[in-house]
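Accompanying notes for the structure given below.
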There are 2 protein chains.
Amino acid sequence: MPTRSSPAAVSPSTAYAALERRFARLRAIEDSIAFLHWDQSAVMPAGGASSRADQLATLAGLHHDLLTAPDTAEMIALADPLAEAESAEDGAWRLANLAEITRIHAHAMALPGDLVEALSRAGNACERVWREARPLGDFALVEGPLGQLLGLVRDSAAAKAEALGVAPYDALLDQYEPGGSSARIDGIFDDLEAFLPDFLGRVIERQGAAAEAPAGPFPIPTQQAVGRATMESLGFDFDHGRLDVSLHPFCGGSPQDLRLTTRYDEADFTSALMGVIHETGHALYEQGLPRDRLSQPVGRARGMSVHESQSLLFEMQAGRSRAFISHCAPAWKAAFGGEGEAWRADSLYRHFTRVEPGFIRVDADEVTYPAHVIVRYRLEKALIEGRMALGDLPTAWNDAMERLLGVRPPNDRLGCLQDIHWYDGAWGYFPTYTLGAMTAAQVFDAASRAVPDIGPAIGRGDFTPLLGWLRTHIHAKGCLLSTDALLREATGRPLDASVFKAHLTRRYLEDR
Amino acid sequence: MPTRSSPAAVSPSTAYAALERRFARLRAIEDSIAFLHWDQSAVMPAGGASSRADQLATLAGLHHDLLTAPDTAEMIALADPLAEAESAEDGAWRLANLAEITRIHAHAMALPGDLVEALSRAGNACERVWREARPLGDFALVEGPLGQLLGLVRDSAAAKAEALGVAPYDALLDQYEPGGSSARIDGIFDDLEAFLPDFLGRVIERQGAAAEAPAGPFPIPTQQAVGRATMESLGFDFDHGRLDVSLHPFCGGSPQDLRLTTRYDEADFTSALMGVIHETGHALYEQGLPRDRLSQPVGRARGMSVHESQSLLFEMQAGRSRAFISHCAPAWKAAFGGEGEAWRADSLYRHFTRVEPGFIRVDADEVTYPAHVIVRYRLEKALIEGRMALGDLPTAWNDAMERLLGVRPPNDRLGCLQDIHWYDGAWGYFPTYTLGAMTAAQVFDAASRAVPDIGPAIGRGDFTPLLGWLRTHIHAKGCLLSTDALLREATGRPLDASVFKAHLTRRYLEDR
């Protein structure tokens, strides 16, 4: 297949330029895939599923073909990113871009194209069966397709492990969290695991009885209007994005056109609203990436823990703060025609920060959430490393939940069937949620120290100072720095759990 | 770029199988493009435009690369479609498939890949300027981008003309109407042009004063509900499609997932409703294509005149028939809470079949519609053949409208800016509308003779007999036959204007 950007006889500077053109085309394919995924989740009728699977697998295969074409490797070997750099800063961006290109290329070269298409098809097929199995709580129904998918994921992990010189699990993790390692995660998670049970007991003891919950029904059009207004106040640009509905909320699309989804519960407006704030945090990161580098790998977000930090910063650090909830309470009360105790700012704050061990990760409060992630991390690692049989997953899941949170799921719908990730092929992803929560705490703390008005402004419903600091110190950096270097520059230190634990202690033990 | 389905040492039968795999991948790319187009028209925020243009151009380029890869030509040269045919019928399908593959390949090979991407980008850019220029009626605003696009279209016409051995305009026409020729169209259009002016005068004289129009406002949710119910009664399968809103109504997506759009006017429910019936006609054709050949070129619709015949058959032949309108009148009256004379079946029928020369093609009745098409056909042919300068288009348009219909557009919004086609790059497309209208009349007449209950059933709101006949004689044939052969098998004769003229005469001079 002719690759029209392929140079006949090239100099190092034209090789770099050709590489940029190649990666701009790859980016356009990735964005196309992202929109087809959004469509599938938000608007596609059920009958379109099998042809959509063909489209996604074909585009994944073409992407892989183009990325692993022999001339891509030749261009990488030849390219001199500094030859035509316009400034030292431009040179730094170009060097970082070539580093990202090299990393992405190494990941792709580890896999044969047939495996890439097979993974896309198996993930799509397994996800479809999972959609039937979940409401039935029937893990046996999906075990076969999940086994096939897991087999391909393990093949992929083994191939990438060999190519990258790391352990298989770390090779999967590196897809979402470049430079991440399970050794480091183990250390952080062990620290949390030692902290959580005792802390949780103290929080539950201290918080006492639940605040009265605002009474519904909450009409969906009103929830939509409140959600949109909130997105706008956070700084979301609706000229470059939408808000829709899907079963599993997400933020997809491209930086120029972000597709957010949520799901509405007529009995509880708080779940969709906090979901919207969460996804808006993701979207603001994408909308703040360096505009003139968007077509290049260096213009992408710096891995999933940083991405999750932005959503959790808006949802957990700012959105559930006493200052923000106090500011919003009158407007929410007016929008929903609420009356009584439950709509007082303090009641709403207690409602939004209620801690309670439960079965469902996405409904979990920020104190128990890490336990959900630790359970999944330990299980997926055991499955990838072949230390556990897939058939043992439901029981192992329930045992772990009981051990960490003291609750045992009565069925698999509330247990190992609840999340889409494994059934969709995203193995090695879960730890980034809790790394993200810790990063969010550390970043918000640093921002608030650097710009003292950030907290008071949030209390006035004004996110401009916060967004401005994030735009400069996180969003506009793209992949210029490693995750560690980004955090060191922004917060003065690499990631650890201390600020997160201090935040939890302040919010749940001291400040209430 | 490696083409993983490329055979190392292949037999004629494996070459054919490899060709089928290659074209299944091409089909998946085409479908991806179709969904991105739907998204762009129906849901995309304005800020997504430039990145969407990148996605569409990149996919168009990848499609072209894959289609024109050297091993595609090798497989075509080697392939024996009959070697593994399972039956004589299967063999006929395989032979027809190879013929379509060869035709599509010849079109693609005529164009360099850079021109394909440039055409995609120029069409996208010109369409965006047209969206600004149309409401302003400012042709000068879009003349530059249109000139660039027309230049690329002419380059493409010239290259295809040389490769296919036909005139440049016919090479463009062949993209939409395989085997079509302007010589034949000239004959048919001359015939119509001789018939229309006198006929139009007699119709207008006979029809007298306009029937009272049903009075609105017609709430959009009610229009949507009526439209959906109508689609279901026509036989549309909502498990494999949707109805949405766009500025320019269309039927897009893939046969497994058809995306219909309409636009609503709160002052007039008839326009959106007839639009919905029209697009449903397109959709039923796609939903009736041969399921087991959908991934192959032979499984596609047999050109745009046959496609348009299906929409016009449902809209003009069945939808505007006295029998159907009489059946629907009470339901429409109830849905919109209508009262008075205007809601009587006869008034509605006269309203739906009112003939009146006007400026806008998509609002035209079926008597004046051919004049709109003839104007555009003559102008686009002159522009492609270089017999006219682009700057002369507005005046030439207005002159032609005055000559054929006796009305002179007062501005370009009502003149040469009204349609998207040229600004989007679809040159050589317009004649298929009127070929389609004539085909619709001829097909509906043949179906009604073959199955006498088709007419009475439509009067009961039952489209099953009609759809059944179309499924067998048109839809399920895909590209098995040429357009001429398809029409000969279905109606006993090749296309001419006689049945269309007889239909117009009966409906507008005899039956009222």
Quiz item: Which of the residues belonging to region B:258-295 are over 29 Å from residue B:218 (Cβ atoms) and not in a helix (DSSP H, G or I)?
Solution: B:288, B:289, B:290, B:294, B:295
Quiz item: Within the group B:201, B:137, which residue is over 25 Å from the mean Cα position of the chain (by Cα), within 30 Å of residue B:354 (Cβ to Cβ) and not assigned by TED's automatic domain parsing to the domain that holds residue B:385?
Solution: B:137
Quiz prompt | Looking only at region B:149-188, and only at residues there that are polar (S, T, N, Q) and part of a helix (DSSP H, G or I), the one that is nearest to the chain's Cα centre (by Cα) | solution = B:175
Quiz item: How many of the residues in region B:199-230 are within 22 Å of residue B:433 (Cα to Cα) and either touching a strand residue (DSSP E or B) at 6+ places or on another chain (Cβ under 9 Å) or not aliphatic (A, V, I, L, M) (or both)?
Solution: 1
Quiz prompt | Odd one out for residue A:51, checked against (1) within 14 Å of chain B (Cβ to nearest Cβ); (2) touching a residue at least 40 places away in the same chain (Cβ under 8 Å) | solution = (2)
Quiz item: Are any residues in region A:303-355 outside any helix (DSSP H, G or I) and within 17 Å of residue A:233 (Cβ to Cβ), and if so, which ones?
Solution: A:320, A:321
Practice problem: Can you run down the residue pairs with Cβ atoms below 6 Å, 6 or more apart or on separate chains, where the first is in region B:244-272 and more than 23 Å from residue B:214 (Cβ to Cβ) and the partner is of a type in the set (Lys, Arg) and at pLDDT 95 or above? | Solution: B:252/B:259; B:253/B:259; B:259/B:242
Self-check item: Test result for residue B:83, away from chain A (no Cβ under 13 Å), touching a residue at least 40 places away in the same chain (Cβ under 8 Å), farther than 22 Å from residue A:57 by Cβ and not hydroxyl-bearing (Ser, Thr, Tyr)
Solution: yes
Quiz item: Among (1) assigned to a loop (DSSP other than H, G, I, E, B); (2) in contact with a Lys or Arg (Cβ under 9 Å, 6 or more places away or on another chain), which single condition is residue A:191 missing?
Solution: (1)
Practice problem: Could you identify the single residue in A:436, A:391 that is modelled with pLDDT of 95 or more and either buried (at least 21 other Cβ atoms within 10 Å of the Cβ) or assigned to a loop (DSSP other than H, G, I, E, B) (or both)? | Solution: A:436
Self-check item: region B:254-270 - residue that is more than 14 Å from every other protein chain (Cβ to nearest Cβ) and under 18 Å from the mean Cα position of the chain (by Cα) and, of those, surrounded by the fewest Cβ atoms within 10 Å (Cβ to Cβ)
Solution: B:263
Self-check item: Where residue A:429 falls short, out of the listed (1) in contact with a Ser or Thr (Cβ under 6 Å, 6 or more places away or on another chain); (2) assigned to a loop (DSSP other than H, G, I, E, B)
Solution: (1)
Exercise. Select from region A:475-496 the residues that are assigned to a helix (DSSP H, G or I), over 17 Å from residue A:255 (Cα atoms) and either in contact (Cβ under 8 Å) with a residue 24 or more places away in the chain or of a type in the set (Asp, Glu) (or both) and list them in ascending order.
Key: A:483, A:484, A:486, A:487, A:489, A:490, A:491
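Residue-wise test of (1) within 13 Å of chain A (Cβ to nearest Cβ); (2) modelled with pLDDT under 95; (3) over 17 Å from residue B:31 (Cα atoms); (4) touching a Lys or Arg at 6+ places or on another chain (Cβ under 9 Å).
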residue: B:218; (1), (2), (3), (4): no, no, yes, no
residue: B:223; (1), (2), (3), (4): no, no, yes, no
residue: B:227; (1), (2), (3), (4): no, no, yes, no
residue: B:243; (1), (2), (3), (4): yes, no, yes, yes
residue: B:252; (1), (2), (3), (4): yes, no, no, yes
residue: B:280; (1), (2), (3), (4): no, no, yes, no
residue: B:290; (1), (2), (3), (4): no, no, no, yes
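The values are calculated or read from the model by the stated rules, or taken from the named source; none is laboratory data. Remember, predicted model here, so these are calculated numbers, not experimental data. Cβ coordinates were reconstructed from backbone atoms using ideal geometry, including for glycine residues, and neighbour counts include every protein chain displayed.
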